[in-house]
1. Among the numbered criteria (1) modelled with pLDDT of 95 or more; (2) more than 27 Å from LYS203 (Cβ to Cβ); (3) touching a helix residue (DSSP H, G or I) at 6+ places or on another chain (Cβ under 8 Å), which one does GLU78 miss?
2. Within region 84-105, track down each residue that is surrounded by fewer than 19 Cβ atoms within 10 Å (Cβ to Cβ), at pLDDT 95 or above and either over 22 Å from ASP119 (Cα atoms) or touching a helix residue (DSSP H, G or I) at 6+ places or on another chain (Cβ under 6 Å) (or both).
3. Given the conditions (1) more than 30 Å from ASN49 (Cα to Cα); (2) surrounded by 14 or more Cβ atoms within 10 Å (Cβ to Cβ); (3) of a type outside the set (S, T, N, Q); (4) more than 19 Å from the chain's Cα centre (by Cα), which single one is not true for ARG72?
4. Let me spell it out: the conditions are (1) over 17 Å from the mean Cα position of the chain (by Cα); (2) in contact (Cβ under 8 Å) with a residue 24 or more places away in the chain, and GLY160 meets all of them except one. Which number is the exception?
5. Among the residues of region 164-191, what is the count of those that are within 12 Å of the chain's Cα centre (by Cα) and either more than 18 Å from LEU86 (Cβ to Cβ) or not hydrophobic (A, V, I, L, M, F, W, C) (or both)?
6. Need at least 3 residues that are in contact with a helix residue (DSSP H, G or I) (Cβ under 8 Å, 6 or more places away or on another chain) and within 23 Å of SER51 (Cβ to Cβ) per element, so show me which strands (runs of 3 or more DSSP E) inside region 138-203 make the cut, counting only ones lying wholly within it.
7. Which one of THR83, THR114 is closer than 19 Å to ILE149 by Cβ, free of Cβ contacts under 8 Å to residues at least 40 places away in the same chain and assigned to a strand (DSSP E or B)?
Amino acid sequence: MRALLPFVSFIILALLQFADSKAQSNDTTGMINASINDRDELVIVPSKNSSEKDFDFFFGNWKDSGKRLKTRLSGSHEWIDFTATLNCDKILQGYGNCEPFHAMVGGKDFEAYTLRLFDVKTKLWSIYYANPNFVTLANPQVGSFEGDIGWFYSKDIWNGKKIIIVYKWDKSNPEKPTMSQAFSTDNGRTWEWNLEQSFERIK
């Protein structure tokens, strides 16, 4: 019996490590139409059918039922719910759109602004996001839709860690689209999803 104890301890330790890794990186999607080259640069290419009309489904007024991970890249499983309203308007003759966002997060008002621009030459979308804590339009999420799913990436720093950020848009149901955000600390091999938003059109 005693001879089995080291083996049992090893199994328990392995399971704990596996559970921790799942908490930190709970998706192995990898990257779609994006990669890291040998110079550690994020290279993003458009899908074959990328178009300036890809976000036309989102024009109008929406209500948002969302949740965000309370603490990112820490193995947290605690989520904070929020509700929001927003309006997406076409700009630049359809080659862009803008979106003011108003939410209640933790009982407090929160305001943000999103600007999306389509580059005709590269066929890529750039998504800029700003809020009162980050008042800048630098470092956009860049990407395109592959069918009904949009993948948009950027490199950034989070609490001293180099990360890749992904936005995933799903317009399979254009009346109830979703958007999610995840961080990766291993160049896009695994992801921790930390934001989920479900939209419903206000008619």
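1. The number of the failed condition is (3).
2. Those that are surrounded by fewer than 19 Cβ atoms within 10 Å (Cβ to Cβ), at pLDDT 95 or above and either over 22 Å from ASP119 (Cα atoms) or touching a helix residue (DSSP H, G or I) at 6+ places or on another chain (Cβ under 6 Å) (or both): THR85, ASN87.
3. (4)
4. Failed condition: (2).
5. Taking region 164-191 and keeping what is within 12 Å of the chain's Cα centre (by Cα), we get 164-170, 178-184, 191.
Checking which are either more than 18 Å from LEU86 (Cβ to Cβ) or not hydrophobic (A, V, I, L, M, F, W, C) (or both) leaves us with 164-168, 170, 178, 180-184, 191.
Of the residues in region 164-191, 13 are within 12 Å of the chain's Cα centre (by Cα) and either more than 18 Å from LEU86 (Cβ to Cβ) or not hydrophobic (A, V, I, L, M, F, W, C) (or both).
6. Counting at least 3 such residues, we get no strands (runs of 3 or more DSSP E) at all.
7. When all the criteria are applied, what remains is THR114.
The values are calculated or read from the model by the stated rules, or taken from the named source; none is laboratory data. None of the values given here were measured: they were computed from a predicted structure. Don't worry about glycine lacking a Cβ; one is built from the backbone with ideal geometry, like all the others, and counts go over all protein chains shown.
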